[in-house]
Amino acid sequence: MMMNLFSSFDPTSNLNLPMNWLSTMLGLLIIPSTFWLVPSRYNYLWMKIIMTLHKEFKILIGNYKSQGSTLIFISLFSLILFNNFLGLFPYIFTSTSHMTLTLSLALPLWLSFMIYGWINNTIHMLAHLVPQGTPPILMPFMVCIETISNVIRPGTLAVRLTANMIAGHLLMTLLGNTGPMMSIYMLNILIIVQLLLLVLETAVSMIQSYVFAVLSTLYSSEVN
């Protein structure tokens with residue numbers, strides 16, 4: 001029995017061994033088969049997705065600047081996508097619903113972009129603080145606003161992913177807990193609603209991993 005609404009996000013343990021982040025590595029069990037077996041439809045589909053993302057990220061970064069940088073963001077997209085999908089299965093710990101994982105992904109990326117940008121393109125980074133066409137009287141305020149918006153970027157990336165993962169799972173948990181108290185007729189409606197929510201959560205899992213990767217790509221393109 002749950003003590004509160006967020007108990008479904010608590011890490012689990014078995015035989016006194018912590019199983020907190022085991023679900024994060026489960027996606028690795030799916031990957032190797034595509035490289036060692038005869039290429040299948042699944043492999044072909046995944047390669048098409050990777051190539052599409054590579055072309056899109058190359059455009060966002062810049063053709064002359066990419067030089068393999070897209071591999072970082074494709075790997076990031078793959079990791080988040082696997083973990084979001086695995087969190088939809090029963091009794092699997094949703095690692096992306098915790099800030100410890102999402103912030104660990106967002107903060108080092110943003111920090112590396114900032115260090116690289118301020119060391120190699122200092123003038124370019126300073127020019128970003130004042131948008132073109134800003135009246136002189138508003139320039140001090142724009143510098144403050146742009147600085148704050150830049151500093152909170154890793155936080156917004158992490159919170160966006162975490163909040164979206166928690167919201168859907170929490171709604172499904174709340175509806176599922178009302179099942180034993182319902183009649184057969186209402187129970188059928190509840191099952192249909194839960195299935196629709198599951199489809200919605202599947203779409204959210206894909207969209208949020210894509211949004212995280214695209215925003216990270218845009219942040220990296222600004223420092224060049």
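Here are a few things to note about the model shown:
- The selection criterion, being modelled with pLDDT under 90, out of contact with any strand residue (DSSP E or B) (no Cβ under 7 Å at 6 or more places or on another chain), not charged (D, E, K, R) and not in a loop (DSSP other than H, G, I, E, B), does not hold for Leu200.
- Checked against the criterion of being in a helix (DSSP H, G or I), open to solvent by 60 Å² or more (accessible area, probe 1.4 Å), modelled with pLDDT of 85 or more and of a type in the set (Phe, Trp, Tyr), the candidates Tyr210, Tyr185 yield just one match: Tyr210.
- Residue match in region 149-171 (condition: open to solvent by less than 50 Å² (accessible area, probe 1.4 Å), under 14 Å from the mean Cα position of the chain (by Cα) and charged (D, E, K, R)): yes
- For region 82-164, no helices (runs of 4 or more DSSP H) sit wholly inside it while including 1 or more residues that are among the aliphatic types (A, V, I, L, M) and on the phi > 0 side of the Ramachandran plot.
- Boolean, Ser75 is modelled with pLDDT of 85 or more and either in contact with a strand residue (DSSP E or B) (Cβ under 6 Å, 6 or more places away or on another chain) or of a type in the set (Ser, Thr, Tyr) (or both): yes
- Residues located in region 82-97, provided they are modelled with pLDDT of 85 or more and open to solvent by 50 Å² or more (accessible area, probe 1.4 Å): Phe85
- Leading residue by the ranking (modelled with the lowest pLDDT) among those in region 16-59 that are open to solvent by 70 Å² or more (accessible area, probe 1.4 Å) and in contact with a Ser or Thr (Cβ under 7 Å, 6 or more places away or on another chain): Trp21
- Qualifying positions in region 69-81 - buried (at least 19 other Cβ atoms within 10 Å of the Cβ) and under 10 Å from the mean Cα position of the chain (by Cα): Phe77, Leu79, Ile80, Leu81
The values are calculated or read from the model by the stated rules, or taken from the named source; none is laboratory data. Source: prediction; values computed, not measured. Note that each Cβ is placed from the backbone with ideal geometry, even for glycine, and that neighbours are counted across all protein chains shown. Heads up: the accessible areas ignore ligands, DNA and RNA and are worked out on the full protein's heavy atoms, side chains in. Shrake-Rupley method; radii C 1.70, N 1.55, O 1.52, S 1.80 Å.
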